[in-house]
Structures are given as C-alpha cells and as structure tokens.
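Data first, discussion second: the structure below is written as structure tokens.
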Amino acid sequence: MSHHVLLLGAPGAGKGTQSKKLAAEYDLEHVTTGDALRARKDMETEYGTPREYMEAGELVPDPVVNEIVEAALSDADGYVLDGYPRNLEQAEYLSEITDLDAVIFLDVDEEVLVDRLTGRRVCDDCGANYHVEFAPPEEPGVCDDCGGELVQREDDTEETARERLSVYRENTEPVIEHFRQTGDLVEIDGEASPEEVFDRITDVLEEE
Ligand code: AP5
C-alpha cells in the first residue's frame, strides 16, 4: 500500500473530495495547499498576502507555498498531497524533500469542471463540501454535519474559475506531462460518482 500519495487534477477535478476520503480510509495526513493558504489568506509576506493571488485565480508565489508544504510533509508519516505541485519549479522542489509512492491524475472534461466549481458550496464552520446539484445538503444552505452556513468560495465565480483553469493549463499541465514521461502517472477517469472514483483510486493504491 502506498503511503506517500500525490493527487493531481484541474480545479474541480475532485482532489479535495477524494483526498479527504483517502486520508480517512488509510489514516493519512491530508496535505492541501489550498486549505493551508485559505487559513493564512491575510498573512503578510514579501510578495503581499495570499488573498490577492487567490481571489484573482493566480498562483501564490513558490517560496510561500514551498515553505508550507515542507513543514506539513515533515510532520506527516503517510500523506495524501492535494494542490501541489502546480508548476515545474514546485515539482522540482518536491522531489528534493520527499519520495512519492503513487501519482494519480483525475481526468475531467473542462465544461464539467466549470459546473462543479460554480455549484460548489462549503460550510463556513467545518469546511464540509457540497454541490447544489451533484451533492446537495438535506436543507439548502445548511451543513448536514454541523448546521453551519454554506457559502460559495470567492474564487468559484465563473470568471475566476475559468481563469484558474487557464492558469492550470499553462502551469500545471506540464507537471502532469512530466510525471507521464517519468512513467509514474496513473490516469483515472474522474467523471463518475465520488464513490466510483474512490473505488478506482483505491484499486490502484492497493496494487502498488
Ligand atoms: P485549491 O484550493 O487547491 O483549488 P483547486 O486546485 O482549484 O481545486 P479545487 O479545490 O477547486 O477543486 P478540487 O479538485 O479539490 O475539487 P472538489 O473535490 O472540491 O487552490 C485555490 C487557490 O490557492 C489557487 O487558485 C491558488 O491561488 C492557490 N494555491 C493553492 N495551491 C497552490 C500552489 N501549490 N501554488 C500556488 N498557489 C496555490 O470538487 C469540486 C466540486 O465538485 C464540489 O462541489 C464537489 O462536491 C463536486 N464533485 C467532486 N467530485 C465529484 C464527482 N465525482 N461527481 C460530481 N461532483 C463532484
């Protein structure tokens, strides 16, 4: 079984959804740069705050993100890494600080991605993830788990979602191609129910 798992995919491919399930199933740490940066949105750095980049759909500068990942990985025994690396420089940095056992790419068509992102709602209190159509809460706007208010992420408007997809194509697709060429990439069709996609991933991990 793999204990150092990297999940790659475009915005909305289901990395967060699947990482949470994998972390629970295999007792792994869920290391996610998106959540880590959202928790530090107003942190002052020499490049400004993460918020400025995130709300525009742009990448936060590498030194800020690399430091977060290095600290998180050094505290983790087994992990599932989600949202990093997003460019070749980050991929190079990652190869210097850890070894990967499995690299999984969730493949989802672009128009499906836009529908998933614009319909996503997250709980303001506990962070649980919903979708107005594909994974609705029992009561609209209310979290099933804790009763908190469901809100839309600031970067999930259609305009910012499309900008994030364009940043992904330019910066992160070369990372996918890099792992394809090293022969490490396992490609999984991410256009199925979350349960079906999870089964596809666990089949791969249990073969490793
Ligand atoms: P981040 O938070 O990492 O966002 P992302 O990569 O754009 O990914 P998402 O969280 O949007 O999508 P996901 O794949 O996790 O999908 P989810 O499971 O939620 O990054 C945000 C920002 O932070 C970046 O833009 C950047 O500014 C910055 N940043 C982060 N990392 C960085 C880095 N390394 N370097 C520089 N900057 C960085 O699913 C989406 C929706 O679809 C949900 O509503 C869900 O319910 C639904 N869904 C999921 N699976 C399915 C399914 N199988 N069928 C139907 N619906 C589904």
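The simple Förster model, with R0 at 41 Å and r as the Cβ-Cβ distance, assigns residue 44 and residue 99 a FRET efficiency of 0.75.
In this structure, residue 177 and residue 67 have a Cβ-Cβ separation that, at R0 = 25 Å, corresponds to a calculated FRET efficiency of about 0.45. A straight chain from residue 133 to residue 25 at 0.36 nm per residue would run longer than the Cα-Cα distance by 36.3 nm.
In a reduced charge model with +1 at each Lys and Arg Cβ and -1 at each Asp and Glu Cβ, region 91-150 shows a dipole moment near 140 debye about its Cα centre.
Using the Cα gyration tensor of region 10-106, with a ≥ b ≥ c the square roots of its eigenvalues, what is the shape: rounded (a/c below 1.5), prolate (a/b larger than b/c) or oblate (neither)? It is prolate, given that a/c is not under 1.5 and a/b is the larger ratio.
Rg and Dmax over the alpha-carbon atoms of region 136-208 stand at 17.3, 46 Å. The reciprocal of the average 1/r between distinct C-alpha atoms defines the Kirkwood hydrodynamic radius, which for region 122-174 equals 12.5 Å.
Antiparallel beta bridges, as assigned by DSSP with both residues in region 47-187, represent about 70 percent of the total such bridges.
Under the combined filter of DSSP loop state and at most 11 neighbouring Cβ atoms within 10 Å, region 82-189 retains these GluC sites (Glu not before Pro): 133, 138. Dimensions of the chain based on its C-alpha atoms, expressed as ranges along the principal axes with the largest first, amount to 45, 43, 32 Å.
Read the figures in this text as sums done on the coordinates, not as results from a lab. The shown structure was predicted, so the numbers you read here are calculated from the model rather than taken from an experiment. Positions of Cβ are backbone-derived with ideal geometry, glycine not excepted, and every protein chain shown enters the neighbour counts.
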